[in-house]
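S.K.: I'd like to ask you about the structure that follows.
The values are calculated or read from the model by the stated rules, or taken from the named source; none is laboratory data. Since the model is a prediction, treat every value here as computed from it, not as a measurement. Methodologically, a virtual Cβ is constructed for each residue, glycine included, from the backbone with ideal geometry; neighbour enumeration extends over all protein chains shown.
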Amino acid sequence: MLKLTDVNTFYGPIQALKNVSLTVNPKEIVSLLGGNACGKSTTMKTILGLVRPKHGRVEFFGRRIDRLPSSDIVRAGIAPVLEARRLFPFLTVHENLLMGAYTRNDTEGIRTDVERMYALFPVVKERNRQLASTLSGGEQQMVAMARALMARPKLLIMDEPSMGLSPLYVDKVFEIIQMINREEGVAVLLVEQNANMALSIACRGYVLQTGEIVLHDTAENLKNNPLMQKAYLGVA
Amino acid sequence: MPSFLFDQFINGLTQGSVYALLALGFTMIFGTLRMVTFAHGEVYMMGAYMGFEIIRLLYPSFLLALLAALVATAMLGIVVELLAFHFLRNAPHATSLLVTIGISILLVNLAQKIWGPETQSIPFGRIDQLGNFEIEIAGVYITFLQIAVLGVTVLLMLVLYFVINRTKLGMVIRAMAQDYEAASAMGVNVNVIYMAAFAIGSMLGGVAGVLVGVYYNMFYPTMGGIYGLKAFSASVVGGLTSLPGAVVAGLLIGLVETFSVEFGASNFRHVFSFVFMILILLLRPGGLFGGKEMAHTRGD
Ligand SMILES: Nc1ncnc2c1ncn2[C@@H]1O[C@H](COP(=O)(O)OP(=O)(O)O)[C@@H](O)[C@H]1O
Ligand SMILES: [Mg+2]
């Protein structure tokens with residue numbers, strides 16, 4: 001459903017992505033792994049249209065989206081969970097959910113989806129009247145996921161959703177990603193530094209190194225790949 | 001309170017409420033775009049002339065004058081946004097600032113061409129037709145024009161409060177002010193919202209222009225200069241991104257100015273109000289309501 005072909009993205013003279021190609025198929029969880037500053041977030045931003053690739057193409061269901069405005073990309077069915085959550089700090093939790101549904105106009109549907117999110121994330125319901133900035137990191141991550149789901153996406157792209165969370169919330173986040181994928185059929189592109197966790201729920205994985213894809217395989221094979229074990233999985 | 005003080009208090013509130021409107025407009029624009037416009041005073045001036053022409057030529061109605069100014073300055077605001085910001089989104093900030101200065105000079109010259117450089121007035125007969133009564137409170141007479149200025153500003157503030165806190169557009173404007181990248185990642189068409197914020201801010205300025213123009217019955221091409229500065233300063237004193245801050249700062253500045261006149265400093269009233277603002281900023285460098293990011297209340 002999502003297909004990147006030879007994507008090259010620059011920040012001024014600095015090349016952040018070099019010939020990145022990757023695909024995500026319907027209902028799949030695909031993880032994009034790599035260390036700091038290797039271009040994971042840039043890949044996400046390129047998909048979302050927040051930065052533009054200089055060469056290469058991004059397609060979604062066969063339609064080219066790399067020149068579309070972000071608003072059209074979101075409308076097409078891609079919703080993000082941004083790095084460091086990026087909730088609107090001085091909007092209430094409830095308003096943050098509504099912002100997630102910005103591209104929708106079905107008032108009734110939005111209302112039932114808010115209720116659905118409250119059922120899925122009890123903490124979001126408890127805190128729905130509070131300003132987002134008053135929540136803990138883990139709670140904010142729940143809101144960020146609920147906000148993304150409010151767009152009713154076909155593809156969820158998540159940028160390091162486990163970053164900075166307590167182990168308890170890390171488990172919760174991965175559990176919810178699996179559940180969303182299984183029960184709602186939402187495909188997920190999961191950007192992570194936590195390779196162990198990411199590969200435990202993903203079908204396939206790509207490894208980025210300084211802007212280039214250096215490895216691509218099934219999650220099983222990646223877990224057993226000696227290079228991976230040494231560099232990313234912390235196996236001696 | 002002795003009645004001459006109460007009298008000045010009403011005068012100060014009237015003056016201050018206009019500053020508040022201007023500062024609100026400025027804050028709307030800065031809060032959303034994070035960019036300063038130096039053409040706000042000239043948008044105000046254009047609004048004033050719009051009211052001038054309507055009342056002078058068409059029909060002596062405050063309401064009609066205000067509506068005309070609203071429409072005209074909303075469109076003018078959109079033009080300013082397009083020229084100074086939209087087409088220069090990736091240019092250095094200073095470029096946009098310079099363009100707004102250029103637009104302000106252009107608008108002053110345009111007004112000079114159309115209406116001449118001298119001060120124009122609406123014939124007093126026409127002004128009287130707008131409404132001509134006074135009400136007495138505690139021995140002080142409040143004129144129709146004062147009631148109109150205060151009434152219109154309070155009404156507009158309520159409308160703005162409603163739009164910002166209770167509508168989808170308002171929520172999106174607040175979200176953009178807080179994190180525009182996250183807002184565009186939610187699918188917000190940021191260009192449209194920038195334009196809407198600019199239009200709303202300019203409308204507030206345009207209404208202020210009609211109110212001041214008619215209140216003093218003086219219309220001249222450079223009338224926006226000092227008011228643009230006051231709007232900017234009141235907005236800074238209020239905290240730059242705080243709408244309630246803009247209102248409080250605007251009212252305070254109006255009161256300080258009026259009372260400085262009362263106590264014999266009429267030639268120095270602008271000096272007084274700027275000294276007052278500097279004092280506040282020395283005490284509270286972030287402004288009265290600094291850091292509130294257009295998020296004063298919640299709406300749902
Ligand atoms: N806005 C930006 N301007 C300039 N360089 C950037 C910007 N964002 C990221 N970079 C650079 O691009 C590279 C990739 O960054 P990023 O995609 O954020 O990596 P990751 O998410 O994998 O940590 C880094 O070298 C980073 O310094
Ligand atoms: Mg990153």
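S.K.: Keeping to region A:121-177, report how many residues are among the hydroxyl-bearing types (Ser, Thr, Tyr) and closer than 27 Å to residue A:105 by Cβ.
M.R.: Adding up the residues that qualify gives 0.
S.K.: Follow-up question, since we're still on this one. When you look at residue A:13, is it without any contact (Cβ under 8 Å) to a residue 40 or more places away in the chain and within 15 Å of ligand 1 (Cβ to nearest atom), yes or no?
M.R.: Yes: the conditions hold for residue A:13.
S.K.: Which of the residues spanning region A:31-49 are within 12 Å of the chain's Cα centre (by Cα) and either more than 16 Å from ligand 1 (Cβ to nearest atom) or farther than 27 Å from residue A:233 by Cβ (or both)?
M.R.: Passing the criteria: only A:48.
S.K.: Here is a list: A:149, A:135. Which entry is within 13 Å of another protein chain (Cβ to nearest Cβ) and either at negative phi or buried (at least 23 other Cβ atoms within 10 Å of the Cβ) (or both)?
M.R.: A:149
S.K.: Inspect all residues belonging to region B:199-206 and state whether any of them is buried (at least 24 other Cβ atoms within 10 Å of the Cβ) and within 11 Å of chain A (Cβ to nearest Cβ).
M.R.: There is no residue in region B:199-206 that is buried (at least 24 other Cβ atoms within 10 Å of the Cβ) and within 11 Å of chain A (Cβ to nearest Cβ).
S.K.: Let me ask another. Does residue A:87 satisfy the condition of being modelled with pLDDT of 95 or more, within 13 Å of ligand 2 (Cβ to nearest atom) and within 8 Å of another protein chain (Cβ to nearest Cβ)?
M.R.: no
S.K.: Sticking with this structure for a sec: How about region A:160-173: which of its residues are farther than 18 Å from residue A:118 by Cα and surrounded by fewer than 24 Cβ atoms within 10 Å (Cβ to Cβ)? Even if it seems obvious, please write down each step before you answer.
M.R.: Here is the first cut: in region A:160-173, the residues farther than 18 Å from residue A:118 by Cα are A:160-168, A:170-171.
Result: A:160, A:162, A:163, A:164, A:165, A:166, A:167, A:168, A:170, A:171.
S.K.: Taking the condition of being free of Cβ contacts under 8 Å to residues at least 60 places away in the same chain and of a type in the set (S, T, N, Q), how many residues in region B:234-271 meet it?
M.R.: Of the residues in region B:234-271, 3 are free of Cβ contacts under 8 Å to residues at least 60 places away in the same chain and of a type in the set (S, T, N, Q).
S.K.: What number of residues within region A:71-84 satisfy the criterion of being buried (at least 24 other Cβ atoms within 10 Å of the Cβ) and either of a type in the set (Phe, Trp, Tyr) or within 16 Å of ligand 1 (Cβ to nearest atom) (or both)?
M.R.: 3
S.K.: Could you figure out which of (1) at pLDDT 95 or above; (2) within 16 Å of ligand 2 (Cβ to nearest atom) isn't true of residue A:78?
M.R.: That leaves (2) as the condition not met.
S.K.: Could you say whether any residue in region A:34-44 is closer than 20 Å to residue A:201 by Cβ, within 16 Å of ligand 2 (Cβ to nearest atom), within 11 Å of chain B (Cβ to nearest Cβ) and modelled with pLDDT of 95 or more?
M.R.: Yes; the residues of region A:34-44 include at least one that is closer than 20 Å to residue A:201 by Cβ, within 16 Å of ligand 2 (Cβ to nearest atom), within 11 Å of chain B (Cβ to nearest Cβ) and modelled with pLDDT of 95 or more.
S.K.: Would you pick out the residues in region A:68-101 that are in a helix (DSSP H, G or I), within 17 Å of residue A:135 (Cα to Cα) and under 20 Å from the mean Cα position of the chain (by Cα)?
M.R.: The answer is A:93, A:96, A:97.
S.K.: A follow-up question, please. What about residue B:214, is it among the hydrophobic types (A, V, I, L, M, F, W, C), under 25 Å from residue B:164 (Cβ atoms) and surrounded by 23 or more Cβ atoms within 10 Å (Cβ to Cβ)?
M.R.: Spelling it out, it is not the case that residue B:214 is among the hydrophobic types (A, V, I, L, M, F, W, C), under 25 Å from residue B:164 (Cβ atoms) and surrounded by 23 or more Cβ atoms within 10 Å (Cβ to Cβ).
S.K.: With respect to residue A:27, determine if the residue is more than 9 Å from ligand 1 (Cβ to nearest atom) and more than 14 Å from every other protein chain (Cβ to nearest Cβ).
M.R.: yes
S.K.: Kindly provide the set of residues from region B:138-191 that are without any contact (Cβ under 8 Å) to a residue 24 or more places away in the chain, among the hydrophobic types (A, V, I, L, M, F, W, C) and either over 23 Å from residue A:94 (Cβ atoms) or away from every other protein chain (no Cβ under 14 Å) (or both), ordered by number.
M.R.: Residues satisfying the conditions are B:144, B:147, B:155, B:158, B:159, B:162.
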